[in-house]
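Everything on this sheet refers to the single structure shown next.
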C-alpha cells in the first residue's frame, strides 16, 4: 500500500503555489495534489512566482532553490521585503548544504524539503506549516 488512501484530501482547501522549472517535478506534485486535495498554481521561475504572489493569495509556496531567470532565494527576498507576504515558503532542493539552509532561512524561507519528495513528506510539511485561516 502506498498510503494514498490515508492521505486522501488531507490538504483539501489549501491553495499552493509551486515554483519549479522542471516539468517532471511539476507533474509529480500535480499528481500528489490530486490525492491530497490541494488547489495548485504553477510557475516556472522566480519571476513568475513574484507576479503570481503579487496578484493572488496562497497558503503555501513550494519554491525550487535553483531556477533560470530568478532563483528561489531572490524570489523569496522580493516576496518578503517588497510584497510583505507572510505566506509559508518551503524550499524544494535536490541537495541542501548548510550554507543553503542558512541562506534560505535568512531570506525568509520557513522550511526545506529535499527532492524527490514523497507524497507523505509533502503532506506533512504542508500541514505543519499551514497558515491558519
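Please treat every number below as a calculation from the coordinates, not as lab data. Just so it is clear, the model here is predicted, and its values are computed rather than measured. For neighbour counting, all protein chains shown are included, and Cβ atoms are generated from backbone atoms with ideal geometry for every residue, glycine included.
Okay, here's what the table says:
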read-out	value
Extension gain from residue 81 to residue 22, taking 0.36 nm per residue of separation minus the Cα-Cα distance	18.6 nm
Cα-based helix-to-principal-axis angle, 98-107 vs the chain, degrees rounded to 10	80 degrees
Fluctuation leader among 25, 56, 110 - the chain, Gaussian network, Cα springs under 10 angstrom	56
Sum of -39500 (n - 2.57) over DSSP H runs of 4+, divided by residues of the chain (222 nm, nearest 500)	-13000 deg cm²/dmol
Mean separation of Cα contacts under 8 Å, 6 or more apart, over the residue count of the chain: relative contact order %	24 percent
Calculated Rg and Dmax of the chain using C-alpha coordinates, Å	13.7, 45
Folded to 0 to 90 degrees: helix 72-81 orientation relative to the chain principal axis, Cα	70 degrees
Approximate spin-label separation residue 66-residue 97, in nm, with each point projected 7 Å along Cα-to-Cβ	1.0 nm
Acute angle (nearest 10 degrees) that the helix 119-129 long axis makes with the longest principal axis of the chain, alpha-carbon atoms	60 degrees
Per principal axis, descending, Cα span of the range 14-77 in whole Å	31, 25, 13
